[in-house]
Structure formats: C-alpha cells, structure tokens
Amino acid sequence: MITLIGNLKGGTGKSTITFNLALWVATRHNKHVIVYDLDPQATTADAFEIRQEEGFLPAIVPQTSVVDLGAEDSKSEILVDMGLADMAAVEASISKADRIVVPVAPSQADIWSTQRFLKMIEEIRGGRAVEILGIINRADTHHAVRETGEAAEAMQMLPGIKLLEPRLYMRTTYRRSFSEGLAVFEMEPRSKAALEMDALGRVLYPV
C-alpha cells in the first residue's frame with residue numbers, strides 16, 4: 001500500500017510522521033518498508049542517515065526520486081513524504097497513492113491549506129477515489145488552549161477527508177528523535193509521544 005503523507009503548508013509535521021511511522025511499521029507491524037523522501041529539505045532522509053551512521057536497525061535508505069513509485073513488491077508498505085518543489089513528483093505521488101494522510105497543525109492557516117490540498121487532490125486524480133485521512137499534529141498540551149479543539153471541529157466539516165481520533169502533541173521528544181536517528185518509541189518507550197505514535201500506527205495499520 002502506498003501511503004502519501006502530505007499537505008501544502010510547511011511545518012505540519014510530514015517528516016515527523018513519515019520517519020516515526022515507517023519505523024513503527026517495520027518494527028511493530030513487521031512489514032518491509034520503503035520510504036520516499038520527495039521533500040528537498042530531506043529531513044526524513046537526514047534522520048535515516050543518522051540512524052544508519054549510529055548502526056541502528058532496521059536501516060532504511062529513502063528513495064529521493066518518484067520514478068519507481070508504484071513498481072514495488074505488493075507485500076511492501078510504502079510511505080511517501082511529499083515535497084512541493086517538484087510539481088511533477090507531487091502529481092505522480094498523489095496519482096499513485098492508495099491513501100493520503102494529511103497532518104494538520106491547530107491553526108486557521110492550516111485549515112485553509114488543507115482545503116486547497118483537497119481541491120488539488122481532486123483535480124490531479126480526476127475523479128478516481130482515494131482515502132484521505134486527517135491527523136491533528138502539534139496539538140497543544142494545555143487543555144485550556146482552544147485552538148486544537150477548534151481545528152478538529154473545522155476538519156470534521158471538510159468534505160472528502162476523515163479526521164482520525166489519535167492526535168500527536170507538541171513534544172520535544174519528536175524533535176529529539178530526528179537528531180538521534182531513533183523513533184520516539186525506541187528512544188523513550190514509555191513516553192507520551194510513544195503512546196501517541198503507537199495509537200496512530202494501530203489505526204493506520206490494524207492487525
């Protein structure tokens with residue numbers, strides 16, 4: 001299955017989810033994983049490079065070209081970190097995706113960006129249906145802050161996208177995971193971030 005992780009707005013956490021979810025699928029779901037990092041910032045590829053340098057297993061070397069997307073073994077799970085610099089790659093990845101996961105930070109700008117992204121998906125796929133799943137990322141950990149709940153309500157009103165129940169919160173553990181080349185559940189197995197990522201993995205990849 002090809003799972004595209006994308007949005008039009010930067011800073012939504014596409015790389016965070018791609019990196020952690022790929023390792024969750026490989027280690028917790030015991031599936032062969034292929035990662036495509038199509039973002040010119042190459043954050044996902046950099047994190048996997050650190051992982052390889054440190055000798056952590058499994059070692060995953062992301063693909064950086066969309067050319068082979070869709071030609072993989074059907075038993076492999078494919079995760080694509082979408083970039084915006086190459087529109088041909090954007091169109092190819094959206095066209096070939098079996099499902100699209102859209103990270104959304106709790107802000108009005110992210111809701112507007114998601115609306116535009118949904119229109120882009122519809123135009124590129126030309127009527128071919130695809131499952132589109134929203135995930136609130138970088139949610140505020142303080143319950144008195146209303147933006148997270150308001151963003152969730154706005155997402156539920158958007159047509160063509162299903163908001164997933166798990167949320168990822170603003171935690172330093174996610175930032176540290178990149179620099180150490182470890183998924184949050186490898187670095188801090190009992191952390192709240194680890195529980196959040198496990199919940200997301202189980203929803204996207206049920207046994």
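Find all pairs meeting these conditions: Cβ atoms under 7 angstrom apart; at least six residues apart or on different chains; first residue within the range 83-108 and within 13 Å of Gly70 (Cα to Cα) and β-branched (Val, Ile, Thr); second residue in a helix (DSSP H, G or I) and at pLDDT 95 or above.
Between residues of the range 83-108 that are within 13 Å of Gly70 (Cα to Cα) and β-branched (Val, Ile, Thr) and residues that are in a helix (DSSP H, G or I) and at pLDDT 95 or above, the close pairs are Ile94/Ile121; Ile94/Ile124; Ile94/Arg125.
Looking at the range 154-184, which of its residues are out of contact with any Gly (no Cβ under 9 Å at 6 or more places or on another chain) and among the hydrophobic types (A, V, I, L, M, F, W, C)?
Ala154, Met157, Met170, Phe178, Leu182, Ala183, Val184
Which condition number does Asn7 fail, the rest of (1) under 17 Å from the mean Cα position of the chain (by Cα); (2) outside any helix (DSSP H, G or I); (3) under 22 Å from Pro189 (Cβ atoms) being met?
Every condition holds for Asn7 apart from (3).
Looking at (1) free of Cβ contacts under 8 Å to residues at least 12 places away in the same chain; (2) in contact with a His (Cβ under 8 Å, 6 or more places away or on another chain); (3) not β-branched (Val, Ile, Thr), which is the one condition that is false for Glu153?
(2)
Please work out which residue is surrounded by the most Cβ atoms within 10 Å (Cβ to Cβ), limiting yourself to the range 138-164 and to residues that are within 19 Å of the chain's Cα centre (by Cα) and charged (D, E, K, R).
The qualifying residue surrounded by the most Cβ atoms within 10 Å (Cβ to Cβ) is Arg138.
The values are calculated or read from the model by the stated rules, or taken from the named source; none is laboratory data. It should be emphasised that the depicted structure is a prediction, and the values quoted were computed from it without experimental measurement. Reconstructed Cβ throughout: ideal geometry from the backbone, glycine too, with neighbour counts over all protein chains shown.
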